[in-house]
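A.B. asks: There's a structure below that I have some questions on.
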Amino acid sequence: MKKRERNKAWRDRGPDFEDISENELSPSKIRRKILVLALVFIGSLFLFSLTLNRGNMDVTIQIKDPTYPLVSFSLDGGRTVNTTRGYASEMSIPSLRDTVIATGGTHSLTAIVDTYGNKIQSVRYTVYDLSGETAYESGSPEMTDAGNGQYELKFEFNDTWRDEREGALCLELDREGQNPVYYYTRVTRQAGLSTADCVDFAYEFSANTMNPNESSWVQQYTESSSSGDSTTFQNVTLNSSLNQIMWKNLTLANVSDRTCDIEETNGTFTSLTLSYTLDVTGSGEARKYKVEEFYRLRYSASGVMLLNFVRTMNSSLQDNPNFITASGIDLGVSDSNVSYLSSTDGKRVTFAADDALWLYDQSADKLEKIFTFRLDSGNDARADYSNYTITPVYMDDTGNISFTVTGYMNRGTYEGNVGTAVYYYSAKEDTVSVKTFIPSDTGSAIAAIDLKGLIYYSHTDDIVYALISDKLYKMNTVSGELETLAEGITRSECAVSEDGRYLAYPSADNHAQSATMVLMDLETGSAVTLTAESGAYLKAIGFVDEDFVCGAVRQSDVSQDTLGTSSEPMYKVTITDTTGASLKEYQQEGVYITSVSTSGGYVTLNRATGSGGNFTAITTDYITSNAGSASEMASVGTYSDATLLKCVRIKL
């Protein structure tokens with residue numbers, strides 16, 4: 001990406017720099033949103049040697065249609081719940097807590113396999129304890145052809161784990177001419193749970209919120225209060241107004257069949273999620289929306305108690321082609337946390353929304369869908385599964401984009417795998433190529449939380465940099481060569497620029513108190529080393545644009561309190577450019593900096609005086625540069641619609 005032209009000088013006073021008081025602080029807009037996808041693997045990471053990825057990974061992709069069957073389970077009362085996706089290999093059982101199915105205290109359980117044309121040769125199962133270390137039982141269920149491309153599986157469990165009440169069920173489906181596929185769910189054999197009653201209530205409540213004649217019935221379960229956000233349909237709770245819960249003033253149509261996933265069921269409560277789509281007409285034309293409703297319920301002698309309810313809705317952009325308006329990119333009722341990038345010339349913006357990556361060229365008034373797992377034609381529950389996250393990482397002024405997809409891979413080369421794929425979109429060739437894939441054996445729900453670190457793809461050198469399990473790796477995507485740049489470092493000890501291009505990390509053996517810090521340009525691979533003064537060590541704080549903010553701590557100033565909590569006051573903060581040249585040093589006699597934060601073009605310094613761990617806070621100070629930032633050409637904002645209430649728009 002082209003570097004912005006700006007004055008590099010950071011000064012105490014003068015036209016290009018000023019220290020400002022708190023009431024003068026007015027941060028400029030951040031030009032890019034989150035650009036670095038974090039990944040730290042807590043399961044089996046295959047040491048990132050990635051035998052899957054040796055050799056040339058620069059392959060232009062044509063994503064194949066999904067091939068795996070789906071497995072669902074029958075609940076007492078006949079409802080089908082917990083549609084389960086298949087995995088390409090055996091997974092870490094403790095990480096797979098997505099769903100649970102109740103047997104009603106019996107030995108029996110029924111599952112349904114939707115084959116999607118697969119020829120199922122055999123099915124084997126094993127029930128483990130929840131740690132995955134002990135197998136309670138194994139065998140083959142009774143399999144019956146149910147017609148319409150479905151098989152019914154009947155399980156008769158033994159008594160060896162009845163008292164344990166809950167186990168982890170692993171199914172292995174052998175397909176003719178294909179590798180086996182693995183499916184997981186928890187099974188509880190606890191009696192008297194009334195899970196089916198709770199599920200029935202959720203279906204009834206959901207339907208009644210769309211029926212104006214049932215508003216009194218719905219109202220008895222609501223707890224409308226001032227704590228509820230009355231300005232939105234995107235997130236509706238029991239504290240919202242009755243009008244919001246009842247879809248007031250909205251015309252609803254084409255409501256799809258609801259699917260149900262039971263996340264927990266025990267003697268205290270049952271929690272579940274209903275998912276469906278519908279067309280919503282507000283002030284303008286009808287739009288399709290995806291809706292999820294979370295319920296926490298308790299069954300008692302007097303009936304079902306609704307403990308919690310959260311309904312979220314998000315515009316299905318892939319089904320709504322007309323969302324470019326004169327005011328910008330209209331995302332409708334959606335989550336405002338949109339991951340996006342804009343080019344430095346302001347002509348292009350790429351953003352992730354509705355399980356897809358989009359590119360809008362403003363000068364040509366052209367919108368392109370760059371990537372998605374969804375199919376263009378027809379509905380397929382396997383392709384529509386929204387258990388992955390797309391993050392744009394880098395875009396240049398010609399529209400070339402590097403991006404990552406993390407989570408469950410619905411289809412294509414890595415179908416049934418969980419991990420992160422690194423992709424590159426060439427605007428000139430209008431192609432997407434995969435650069436590498438980093439696998440995990442944890443479930444996608446856990447992986448989305450636990451995969452926190454750093455990943456960056458350099459198009460200049462065809463290099464992927466990844467911070468995984470306290471190691472910083474450099475991988476050549478052409479040759480497959482893997483190099484360890486540093487070991488024993490954590491994400492909290494590093495700093496990454498907002499666009500992900502620049503990385504600072506400690507280079508000494510004692511990373512927590514390293515006297516040296518490496519400042520690296522991941523696009524070009526060039527690096528410089530910063531060195532602390534004698535008797536001091538460095539702390540990576542953050543970046544302001546591409547300028548690195550670094551703190552210095554004297555060893556003699558470090559102390560611990562009676563609880564063993566360390567105090568590490570900084571005596572100096574330095575701002576350097578990407579060559580390591582000092583642009584600004586902040587140091588005052590007798591004053592320590594207890595913490596530092598960066599936001600937009602500002603550095604905030606929380607200061608104190610004292611010694612030996614006994615400090616007294618004094619006024620906060622600030623550092624900023626007036627000369628700096630190019631104006632942001634795109635930003636995410638909201639607007640109010642007369643009927644849809646709060647909507648989201650990317651302003652160009």
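The values are calculated or read from the model by the stated rules, or taken from the named source; none is laboratory data. Predicted model only: the values in this text are computed from it and were never measured. A quick note on method: Cβ atoms are made from the backbone with ideal geometry, for glycine too, and the neighbour counts reach across all protein chains shown. In case anyone asks, the SASA skips ligands and DNA or RNA and just uses the protein heavy atoms, side chains included. Shrake-Rupley method; radii C 1.70, N 1.55, O 1.52, S 1.80 Å.
A.B. asks: Given Lys474, Lys452, which one is open to solvent by 10 Å² or more (accessible area, probe 1.4 Å) and at pLDDT 90 or above?
C.D. replies: Exactly one of Lys474, Lys452 is open to solvent by 10 Å² or more (accessible area, probe 1.4 Å) and at pLDDT 90 or above, namely Lys474.
A.B. asks: Return the pairs, sorted by first residue and then second, in which the second residue is outside any helix (DSSP H, G or I) and surrounded by 18 or more Cβ atoms within 10 Å (Cβ to Cβ), the first residue lies in the stretch 311-327 and is in contact (Cβ under 8 Å) with a residue 24 or more places away in the chain and of a type in the set (Phe, Trp, Tyr), the beta carbons are less than 7 Å apart, and the residues are 6+ apart or on different chains.
C.D. replies: none
A.B. asks: Hey, among Tyr128, Tyr136, which residue is farther than 15 Å from Glu172 by Cα and surrounded by 14 or more Cβ atoms within 10 Å (Cβ to Cβ)?
C.D. replies: On inspection, the qualifying residue turns out to be Tyr136.
A.B. asks: Those residues that are part of a loop (DSSP other than H, G, I, E, B), without any contact (Cβ under 8 Å) to a residue 60 or more places away in the chain, over 19 Å from Asp65 (Cβ atoms) and not β-branched (Val, Ile, Thr), I need them from the stretch 369-419; list them, please.
C.D. replies: Gly399, Asn400
Residues checked against (1) under 29 Å from the mean Cα position of the chain (by Cα); (2) of a type outside the set (Ser, Thr, Tyr):
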site	(1), (2)
Gly488	yes, yes
Ala495	yes, yes
Asp509	no, yes
Glu523	yes, yes
Tyr537	no, no
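A.B. asks: Would you check if there is a residue in the stretch 625-635 being in contact with a strand residue (DSSP E or B) (Cβ under 7 Å, 6 or more places away or on another chain), exposed (fewer than 13 other Cβ atoms within 10 Å of the Cβ) and of a type in the set (Gly, Ala, Ser)?
C.D. replies: No: the stretch 625-635 contains no residue that is in contact with a strand residue (DSSP E or B) (Cβ under 7 Å, 6 or more places away or on another chain), exposed (fewer than 13 other Cβ atoms within 10 Å of the Cβ) and of a type in the set (Gly, Ala, Ser).
A.B. asks: With the requirement that a residue be open to solvent by 30 Å² or more (accessible area, probe 1.4 Å) and at pLDDT below 95, what does the stretch 180-190 give you?
C.D. replies: Gln190
A.B. asks: Does Thr529 satisfy being under 29 Å from Thr460 (Cα atoms), at pLDDT 95 or above and loosely packed, with under 15 Cβ neighbours inside 10 Å?
C.D. replies: Judged against the criteria, Thr529 is a match.
A.B. asks: Restricting to helices (runs of 4 or more DSSP H) lying wholly in the stretch 189-307: which have 2 or more residues that are under 25 Å from Leu109 (Cα atoms)?
C.D. replies: 195-208
A.B. asks: Which strands (runs of 3 or more DSSP E) does the stretch 493-577 wholly contain that include 3 or more residues that are more than 19 Å from Ile468 (Cα to Cα)?
C.D. replies: 527-531, 536-544, 547-554, 572-576
A.B. asks: What tally of residues in the stretch 466-492 results from selecting those that are in a strand (DSSP E or B) and small (Gly, Ala, Ser)?
C.D. replies: 2
A.B. asks: Can you tell me which of Thr103, Thr126 is modelled with pLDDT under 95, over 24 Å from Tyr385 (Cα atoms) and of a type outside the set (Asp, Glu)?
C.D. replies: Matching residue, one of Thr103, Thr126: Thr103.
A.B. asks: Looking at (1) surrounded by 17 or more Cβ atoms within 10 Å (Cβ to Cβ); (2) over 22 Å from the mean Cα position of the chain (by Cα); (3) modelled with pLDDT of 90 or more; (4) not β-branched (Val, Ile, Thr), which is the one condition that is false for Tyr289?
C.D. replies: The one condition Tyr289 does not meet is (2).
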